[in-house]
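All of the numbers you see were taken from the coordinates with simple rules; none came from a lab. None of the values given here were measured: they were computed from a predicted structure. Positions of Cβ are backbone-derived with ideal geometry, glycine not excepted, and every protein chain shown enters the neighbour counts.
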Amino acid sequence: DKDVDCFHPRNVGLLVSGRPYILPCTPAGIMEIFKYYHISLSGKHAVVIGRSNIVGKPMANLLVQKNDLANATVTIVHSRTTDLAKHTRRADVIIAAMGRAHFVQPDMIKEGAVIIDVGINRVDADNEKGYRLVGDVDFENVLPKVQAITPVPGGVGPMTIAMLMLNTLTVSAKQNGIQLNSAN
């Protein structure tokens, strides 16, 4: 098994059935953020903006798992969802993974929400590169309204890389008959 990204149908099936061997990198990194910052999801309403097989769908699957870290009620919305903001305004947690710069605005969230910004978008900027990276959330304008928010760059991206490294180690250890001790 060399699927360290966790995209193979077998690994996806294990995830959906609640028996994952490894986890998709970006959703796993997001769950580690929740764990590190002691953000409880149990009984909370989480809205995932985006339905990709890389982030949206596996993220929703992790959020509804029966374990101490998850147990959320999940709504998945996307670019064709009618009145998308109606759903996000009720969310305790929003995971934005749509791929549209500054899509999530302050009027789309409730006071005290937790925002995870997965988006990485290039926008024109007056600098030597000619662009800057921004997320799917209008960070500066949303910041005063939220309990917590991840920045772009520097938020979810490094966690995705860390989880890819963990998956690589896990798969390599299994292939070589090495037992890893869990730090969790």
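Things to note:
- Panel order for Ile109, Ile76, by other beta carbons found within 10 Å of each beta carbon, from fewest to most: Ile76, Ile109.
- Note on region 24-158: Lys pairs 8 or more places apart or on different chains, Cα atoms under 23 Å apart, count 15.
- Correct choice for Cα extents along the principal axes in Å that was computed from the model, options (i) 51, 44, 30; (ii) 47, 37, 37; (iii) 49, 33, 32: (i)
- Counting only DSSP H runs of at least 4 residues, each contributing -39500 (n - 2.57), and dividing by the residue count of the chain, the helix-based mean residue ellipticity at 222 nm comes to -9000 deg cm²/dmol.
- Counting other Cβ atoms within 10 Å as a rough exposure proxy, the listed residues Phe7, Phe103 run Phe7, Phe103 from fewest neighbours to most.
- As a proxy for reagent exposure, ranking Val47, Val137, Val142 by other Cβ atoms within 10 Å from fewest up yields Val142, Val47, Val137.
- Alpha-carbon Rg/Rh ratio, for region 1-106, with Rh computed the Kirkwood way: 0.96
- Here the gap between Thr81 and Ser40, fully extended at 0.36 nm per residue and compared with their Cα-Cα distance, gives a gain of 12.1 nm.
- The value for region 103-161 of Rg(Cα) / (2.2 N^0.38 Å) is 1.18.
- Separation of alpha-carbon centers, region 88-111 and region 20-37, rounded to whole Å: 20 Å
- Max mean-square fluctuation residue, GNM over the chain, Cα-Cα springs under 10 Å, options Asp124, Asp92, Asp136: Asp124
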